Amino acid sequence: MKKGLFICLYGALFTTSFYLYNHGYSDPNVQDAGRLLPAQVKMIKQADGEKELVKTVENANRTGSQLTIAGMQHSQGGQTYYPGAVMIDTKPFHKVIDFQPEKKRITVQSGATWDDIQQYINPYGLAVKVMQSQNIFTVGGSLSVNVHGRDIRNESLIDTVESFRLLKPDGTIVRVSRKENADLFPYVIGGYGLFGIILDVTLSLTEDELYEKRTSELDYSEYSSYFREQVKENPEVKMHLARISVAPSSFLQNMYVTDYIKVESQQRLNDYRKLKGEGIVALPKFFLGMSRYSNWGKDLLWAAQKHYMLEEDGSLESRNNVMRSQTDFMKYESPTRTEILQEYFVPVNEFASYIEDMRELLKKEEEFNLLNITIRYVEQSEQAVLSYAKEDMFALVLLINQGKSKQEVKESEAVIRDMIDVTLNHGGSYYLPYYSFPSKKQLRQAYPLIDTFFEKKREIDPEKRFTNYFYEEYGE
């Protein structure tokens, strides 16, 4: 009798544990890639399918629970969770729903990563138009922040989206495009998960191509004219990136630029089509590690970066592989410190004077540990309500190492607000997926339509079913 009771009890506990493991975890502690906002959510709910997602929203409406939406959680300001809310993990929701190679079109669920898409379309000689420089992110997350990348012939991700289906806060599902429910299109893309759950997305694709890498050094003062004359005016240059030195010996002076030029004959494309994985990470990880703790380490890293890129000058690479940058070497674990991103957009013609003002500011901030600045180009695109590129811009992505204590966070906030002021003074803007350092005044100057955005949020979601730290900080 006792044995039978024990087996029943064990079976019940096992079944309950298995269900919770697969469907949700009660009261877990979560944090995003920034690791500055740990929070206890009500539950993590796995996106097990469309019907389950509808039930989740219906249950939230019945119980009054709030919902947040998470992918890879590389937004660093709590945009994917909130204390006491149900966090929906979209990663299991990653199927390819439809693929029409002849029409260069694919439909995927929102939890699919760019790697999932690349693996699927690469055998057909197709490639993505716009995505981040890494392929680890979910498509739904990328839409929610309206990403951009190395491609200079397309604008932001919104320009490649044909349509998507949205599970709204009231539990209904609508298709959204430039013709259907068009009023939602520019709000949901770049909407940070505040208007509902993006279920699936239809994207337009392009041909995979073979590029030749061309890398050269130049001074920061030459960059704008170089880009206009040698890059933008040359239709064969398809992708572009640059880096500017943060090493003390050449701080915000020396640069290198890399252009990806379509080769005249594409006959050798098949030789380079195999998708690359992560390469050897020990050496770049070592150099990056040294740069975190010393000025000589920053000089060493800059010299190594330049040497590697110049050594690769003239090499060939497929479009799909250009969009598969290594990330493993950047992984960083520390109990007291973390690494955050900032991204600033500045008009092309303002670049030189902007860099001079930033140099003057940052040279006074000896404790501000800036590790890297990568530069990309973003063409003017005002389709999204929260557009960050109101004209042709350079996007500067800053990697910053900082402490996690309240005092250290406060010190970083002061420097970052000063940098944002410099950016705004040059007619620029800043990217929103990061920690909420900017003031509300800075937000409104960078995004003049932010109040319109929040008004639309309240119209679509009057019960505030979907929320996150960003909305609670700025939208209330």
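The values are calculated or read from the model by the stated rules, or taken from the named source; none is laboratory data. As the structure is a computational prediction, the values presented were derived from the model and not from experiment. We place every Cβ from the backbone using ideal geometry, glycine too, and count neighbours over all the protein chains shown. Note: areas computed on protein heavy atoms with side chains; ligands, DNA, RNA excluded. Shrake-Rupley method; radii C 1.70, N 1.55, O 1.52, S 1.80 Å.
Would you mind listing the strands (runs of 3 or more DSSP E) fully within region 1-95 where at least 2 residues are modelled with pLDDT under 95, open to solvent by 50 Å² or more (accessible area, probe 1.4 Å) and more than 22 Å from Phe437 (Cα to Cα)?
Numbers: elements: 24-26, 43-46, 67-70, 86-89.
The qualifying strands (runs of 3 or more DSSP E) are 24-26.
Rundown of residues vs (1) free of Cβ contacts under 8 Å to residues at least 24 places away in the same chain; (2) open to solvent by less than 70 Å² (accessible area, probe 1.4 Å); (3) within 23 Å of the chain's Cα centre (by Cα), yes/no style:
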site: Arg417; (1), (2), (3): no, no, yes
site: Phe437; (1), (2), (3): no, yes, yes
site: Gln445; (1), (2), (3): yes, no, yes
site: Pro448; (1), (2), (3): yes, no, yes
site: Glu463; (1), (2), (3): no, no, no
site: Phe470; (1), (2), (3): no, yes, yes
site: Glu476; (1), (2), (3): yes, no, no
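Pairs are defined by a Cβ separation below 9 Å, a sequence spacing of at least 6 or placement on different chains, a first member in region 267-295 that is farther than 18 Å from Tyr211 by Cβ, and a second member that is open to solvent by 80 Å² or more (accessible area, probe 1.4 Å) and polar (S, T, N, Q); the pairs so defined are Asn295/Ser249. Here's a check for you: in region 164-190, which residue that is of a type in the set (Ser, Thr, Tyr) and over 18 Å from Leu53 (Cβ atoms) is nearest to the chain's Cα centre (by Cα)? For region 164-190, the residue satisfying everything is Tyr187. Cβ separations smaller than 6 Å between residues 6+ apart or across chains give the following pairs from region 186-206 residues that are closer than 15 Å to Gly111 by Cβ to residues that are among the β-branched types (Val, Ile, Thr) and outside any strand (DSSP E or B): Val201/Val139; Leu203/Thr160. Tallying residues that are under 17 Å from Ser245 (Cβ atoms) and open to solvent by 40 Å² or more (accessible area, probe 1.4 Å) within region 307-342 yields 3. Condition check for Asp200 on (1) touching a Phe, Trp or Tyr at 6+ places or on another chain (Cβ under 8 Å); (2) over 27 Å from Lys464 (Cβ atoms); (3) of a type in the set (D, E, K, R): one failure, at (2).
Within region 272-295, the residues that satisfy the criterion of being aliphatic (A, V, I, L, M), part of a loop (DSSP other than H, G, I, E, B) and open to solvent by less than 70 Å² (accessible area, probe 1.4 Å) are Leu275, Val281.
Could you count how many residues in region 162-190 are in contact with a Lys or Arg (Cβ under 9 Å, 6 or more places away or on another chain), of a type in the set (A, V, I, L, M, F, W, C) and either open to solvent by 10 Å² or more (accessible area, probe 1.4 Å) or not in a loop (DSSP other than H, G, I, E, B) (or both)? Result for region 162-190: 6. Does region 203-226 hold any residues that are over 30 Å from Ser353 (Cα atoms) and among the charged types (D, E, K, R), and which are they? Of everything in region 203-226, those that are over 30 Å from Ser353 (Cα atoms) and among the charged types (D, E, K, R) turn out to be Glu207, Asp208, Glu209, Glu212. Run Ala304 past the list (1) in a loop (DSSP other than H, G, I, E, B); (2) modelled with pLDDT under 95; (3) of a type outside the set (Asp, Glu) and report the number of the one that doesn't hold. All conditions are met except number (1). Of all the residues in region 136-164, those that are without any contact (Cβ under 8 Å) to a residue 60 or more places away in the chain and charged (D, E, K, R) number 1.
Name every residue in region 170-197 that is touching a Pro at 6+ places or on another chain (Cβ under 8 Å) and not small (Gly, Ala, Ser), in order of residue number. Within region 170-197, Tyr192, Phe195 qualify.
All conditions but one from (1) outside any helix (DSSP H, G or I); (2) in contact with a strand residue (DSSP E or B) (Cβ under 8 Å, 6 or more places away or on another chain); (3) open to solvent by 40 Å² or more (accessible area, probe 1.4 Å); (4) not aliphatic (A, V, I, L, M) apply to His148; the one that does not is (3). Among the residues of region 191-223 satisfying the criterion of being surrounded by fewer than 19 Cβ atoms within 10 Å (Cβ to Cβ) and small (Gly, Ala, Ser), which is nearest to the chain's Cα centre (by Cα)? Across region 191-223, the extreme among qualifying residues is Ser204.
On the basis of being outside any helix (DSSP H, G or I), out of contact with any Cys (no Cβ under 8 Å at 6 or more places or on another chain), closer than 19 Å to Gly71 by Cα and not charged (D, E, K, R), does Gly140 make the cut? So Gly140 does not fit the description; no. Looking across region 225-260 at every residue that is among the charged types (D, E, K, R) and under 15 Å from Ile375 (Cβ atoms), the one that is surrounded by the fewest Cβ atoms within 10 Å (Cβ to Cβ) is identified as Arg228.
Take the residues of region 419-435 that are touching a residue at least 24 places away in the same chain (Cβ under 8 Å) and part of a helix (DSSP H, G or I): which is surrounded by the fewest Cβ atoms within 10 Å (Cβ to Cβ)? By that ranking, first place goes to Asn425.
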